[in-house]
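This report concerns only the one structure given below.
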Amino acid sequence: MRRIRDFTRFFMPRLGRPIVPAIYRANFLHFYLDIAWFAITAATAMSFVGVFITRQGASAFQLGLLSAGPAVVNLLISTAAGQWLERQPLEKAVLRTAVFTRLTYLPWVILPFFLPPAAQVWALLALTVLAAIPGAALNMGFNALFAEAVPGEWRGFVAGRRNALYAVIFIGVTLLAGWILNTLPFPLGYQAIFALAVLGAAMSTVHLGLIKLPPMEKAAPAAPSKGRRLRWDLLRGPLGKVLAALLIFHLTLFLAAPLFSLYMVNDLRLTDSQISFGTAVFYVAMLAGSLSLDGLARRWGNQKVTALGAFFFGCYPLVMALWRSVWGFMVASPFGGLGWGLAGGAMINWLLERVSPTERAASLVWYNLAINGAMLVGSLLGSAGGEWLGVRTALLVFGGMRMLSALYILKRG
């Protein structure tokens, strides 16, 4: 019983303040269980899809499309998705879009039974793009739901604990996935881990559906804004500076993203078990960063914590490219994990603290446009950069650009 109480206090502590009000406790629990189950999906389908299609013969261009395709969809429909969300009860909108987004994981399991390798690559790319249609509304809706269901003084704490749970489960599932891939023949091993992804996505969606806004937070769906489809005036305020910094940061992230699978498989010749072990190391470091997030954010503020995370993200491709061996991959992984544990939790809180609640929906539309614009441009330019410069040289260049983005966040954001 004492261990159970200690575990409960970790997620619902006093922190020198009154304990979490009862009205928020159930929602916090469902936010934790949502990310815990979704970590299974992330550790299987999302982590290994790039490796899978690389082993099936995907080119750098196709790996770039893995990110660029959804980005195009998001850019095209973000404004319409934001207006649709304004007219819907938030909890129901998040649940519906989550269901439709995550149903697209089901075909992943059976594709190898019916299609040759080259066709499987294009089919997975098509499914990824299809998922982005409801996914655009899901991303904005979830951020709005989190902002309304979690009081501002608890956001850093809940985000940090969510990331910590994500990291712990991701580590275990990644190691399990590596064992499965080594035990079962190709592509049956990938089909098995994709089936785990379906389970995780389904259970995560269940807990998203159980999140309910407290009565004082509920409001009637807003009428869609007329005249201006985008709130351009918001860019002249604090939101504009934050968006510029996050746009630059995400651009540097996605420049390197299409190259990692190519570098690990074709240059370093890593096995699936080595990739899964290195990924587990990444998430051990993410766990450490996530557990530090709340304290660092209270001490330094979310802007500085985001900058620190961006710096560690810059170290990740630099170390991997400078040390051309499996050990370079292992040493680089903790830098990436720390970066994600800090920046991944702090940056959305940084954005939310710079906008008023009445402008939150319009601000999240801009945030979604900025991030997906960076994803589109970064993925395509990153793939081209890998072909022009060579994958290793491109990783060195893009790692340096990540360092510069950290400085920009610190000085100009």
Taking Cα pairs closer than 8 Å and at least 6 residues apart, the relative contact order of the chain in percent is 27 percent
Kindly put SER356, SER292 in sequence by how many other C-beta atoms sit within 10 Å of each C-beta, fewest to most.
SER356, SER292
Folded to 0 to 90 degrees: helix 188-209 orientation relative to the chain principal axis, Cα
0 degrees
What are the ³J(HN,Hα) values, in whole Hz, obtained from phi via the Karplus relation 6.51 cos²θ - 1.76 cosθ + 1.60 with θ = phi - 60°, for each residue of the range 99-115 in sequence order, with x given for Gly and Pro?
4, 5, 5, 7, 4, 5, 6, 4, x, 4, 5, 9, 3, x, 6, 10, 10
Chymotrypsin sites (Phe, Trp or Tyr not before Pro) lying in DSSP loop within the range 243-312, provided at most 11 other Cβ fall within 10 Å:
none
Can you give the convex hull volume of the alpha carbon atoms of the range 60-157 per residue, in Å³?
123 Å³
Normalising by the residue count of the range 40-162, find the relative contact order in percent from Cα pairs under 8 Å and 6+ residues apart.
37 percent
Pairing the Cα long axis of helix 326-353 with the longest principal axis of the chain, what angle in degrees results, from 0 to 90 and rounded to the nearest 10?
20 degrees
Two decimals, Cα atoms only, Kirkwood Rh: what is Rg/Rh over the chain?
0.95
Shape box of the range 157-197 [Cα atoms, principal axes, largest first, Å]:
42, 15, 8
Calculated FRET efficiency, ARG412 and PHE113, Cβ-Cβ r, R0 51 Å, to nearest 0.05?
0.45
Once you put a point 7 Å from the Cα of LEU389 and another 7 Å from the Cα of ASP267, both along the Cβ direction, what distance in nm separates them?
1.0 nm
Between LEU175, LEU251, LEU389, which gets the highest mean-square fluctuation from a Gaussian network model of the chain, Cα cutoff 10 Å?
LEU389
Taking each pair of different alpha-carbon atoms in the range 95-206 once, compute 1/r for the pair, average those values, and report the inverse of that mean as the Kirkwood hydrodynamic radius in Å to one decimal.
16.1 Å
Phi-based couplings in Hz for the range 235-248 (Karplus 6.51, -1.76, 1.60; Gly and Pro marked x):
5, 7, x, x, 4, x, 5, 5, 4, 4, 5, 5, 4, 5
Sequence order, the range 370-385: Karplus ³J(HN,Hα) from phi using 6.51 cos²θ - 1.76 cosθ + 1.60, θ = phi - 60°, Hz rounded, Gly and Pro as x, gives 5, 5, 6, x, 5, 5, 5, 5, x, 5, 6, 5, x, 4, 5, x
0 to 90° range, to nearest 10: angle between helix 391-412 axis and the chain longest Cα axis
20 degrees
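Any read-out appearing in this document is the output of simple, stated calculations on the displayed coordinates, not a laboratory observation. The model shown is predicted, which means the values in this text are computed figures rather than measured ones. Cβ: placed from backbone, ideal geometry, glycine included. Neighbour counts: every protein chain shown.
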